[in-house]
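Right, one structure below, let's go through it.
Only the coordinates and a few stated rules stand behind these numbers; no lab work does. It should be emphasised that the depicted structure is a prediction, and the values quoted were computed from it without experimental measurement. Glycine gets a Cβ as well: all are built from the backbone with ideal geometry, and neighbour counts include every protein chain shown.
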Amino acid sequence: MIRKRFLAAGTVALALLVIPPAAIVAASTRSAHATFVSAVTYLNGVTCLTSSQCWAVGSQRSINSGLYVPLIQRWDGNSWASESSPALAGLSAALLGITCASASECWAVGGESTVAGASGGFIERWDGLAWTLVTPFAPSALASVTCVSTADCWAVGETPPAAPGDPSSGVIENWNGSTWSVIASQAQGIPWLEGVACVSSTNCWASGSGFEHWNGAAWTPVPVFETGPFSSVACASLTECWAVESRYHVIERWNGTSWTGITLADGNLQLSGVTCVAAAECWAVGTDYFGQTSKTAVERWSGTTWAPVASPDPIPYGSIGSGYGDGLSAVTCITTSTCIAIGSNVAGLLAGVHETWNGTWWTATLQQDTPGVVYDRWEAVVDQSASGGTLRESEIAGETASFRFSGTAITWLAEASGSHGIAAVTIDGVNKGDIDLFRASTPGVAVSNTFAGLAPGPHTIVITVTGTKNPASSGVVVDIDAFQVGTSITQDSSPQLTYDSWTGSTSALASGGSYRSSSEPRAVAKFTYTGTGVDWITATGPAGGMARVTVDGSLVAIVDLYAATAASQVVESYQGLAPGSHTLAVTLVGSKNPLSTGHEVVIDAFVIHE
């Protein structure tokens, strides 16, 4: 499973300690020459103080003991690296939530279990130098933690049954600057709690199988629109809070008086995390399930509606064997243009899934040894200047490195120097040209090569060592440092688009699950973007009409959308523009193909070409 809260039995405690046997050992054979074995890793919580100081927590299966041990990763602005985390001897344990009150005051909470099935919880504290274990007031599994200040923090979770057959109950603990203590609340009547968020020291919410509200003096239950379970809660203000359900595609909203529910169009969603950076800028993340497949899911609140936003799937389902898919469990934002979401592959492959929002699209960074990358005999090299501190390199002509990913853009991160050579690149068998990695500077410098404008869905990039070089180079080295998978799809519901007489609809066949359409003559849709080109994702069919397409006011095409058989996600591409800001306008002509039964024009999405 990939979510931090496993809800089948309504038990937070050991969400990630109940792992399917098939996920215990994950291996990917690169070739006959090299085999990579990945530790089973799950990420559950994330927090950021700055764009160069973030923490993610979860669990990782020890290859030696077979137990799951707490996992803490740190982002330094360049890459994620594991930090030393106190282990609980003889127990399987997972960290489920994390928060920071300052650079030298962070808290991580989790749950643990014994072989006999007994369960409890633990707390870890960061003092600016190291993580240490702190004994919680009660032996309760804790799922989430938040801080108003260094002397006012809250953690919520679940107290195990007093005896077999007895119900569990929610628990709320408070840190007053010196000790953790259990605070009396109605949570004892709620089976479990999973999320907690505070607007101030006198206004906090706890969510789970019910809702509790803190008014500065007491925690009291508050009625909700649905029955839950609510895996995460976040607030933008006293009158603007959101909670997501991890079992259904429902988001609940607090308006200062009551909670109401919003049902999302995609019935396959299971949302696990939510955050707000402003009243008109909130994010919810989770997993989108289609039968036995899964992929990352991101929803964005614009101040008026929730709409899906495309996010990359670092290892798409089936790319290295059946059962592998991605999902997200938590999200946090530093600014409206800087957010981080974390999660896992369903089989626990990778060192977790990490995605970053840059204000335009989500990007996932994968190190060179992610299980999805297949090598011949590339040598592993330790290089502190590399992303993640390591890379792979080869000087043997004909050697290849291939990576199957899902997204509309991919960036290959490499090193260039006076001894580097030339590599050939193909994507889906199409030649993307030769890349010369020679740079006169020594030591090497980091370089990136981006290939954008790909169609939505899975692709395979292959990098081949040519054995050739720039005449000035002293060698033919080619290396793989990392890959960044991006999804630059702008959905029809994006605030970057403006409409007049257009109607919104939902469809599982549309990109992002929704589209806009119009049959009104002279109806206009406009999209302003920055790049060298754009793909208009539309649809054709028996009722398709005709549209006039202009870029920056100049006519570039008259498009006939009639087709005898309906087709979704049809691409109309307009490229070759000068880098910079451009505006594409789609205007209904009001005429049609003689065979068409209508004048319908569809705006499904746009893909920007950098």
Rounded, prolate or oblate: pick one for region 427-510, where a ≥ b ≥ c are the square roots of the eigenvalues of its C-alpha gyration tensor, a/c under 1.5 means rounded, and failing that, prolate if a/b is larger than b/c, else oblate. prolate
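What ranking do E600, E112 get, fewest neighbouring Cβ atoms within 10 angstrom at the top?
Fewest to most other Cβ atoms nearby, the residues stand as E600, E112.
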Shape call for region 489-609 from the C-alpha gyration tensor, a ≥ b ≥ c root eigenvalues: rounded (a/c under 1.5), prolate (a/b greater than b/c) or oblate? prolate
So if I take the centroid of the Cα atoms in region 429-485 and the same for region 516-547, what is the distance between those two points in Å? 35
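Note the count of lysine pairs whose C-alpha atoms are less than 28 angstrom apart in the chain, limited to pairs 8 or more residues apart or on different chains.
Step by step, the pairs that qualify in the chain add up to 4.
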Under 8 Å for C-alpha pairs, at least 6 residues apart: give me the relative contact order for the chain, rounded to a whole percent. 9
Any idea what diffusion coefficient region 21-361 gets from Stokes-Einstein, in µm²/s, Kirkwood Rh on alpha carbon pairs, 10 °C, 1.306 mPa s? 79
So which chymotrypsin sites (Phe, Trp or Tyr not before Pro) in region 333-421 are both in a DSSP loop and have at most 14 other Cβ atoms within 10 Å of their Cβ? none
Assign unit charges at the C-beta atoms only (+1 for Lys and Arg, -1 for Asp and Glu), then state the dipole size of the chain relative to its Cα centre in Debye, rounded to the nearest 20. 420
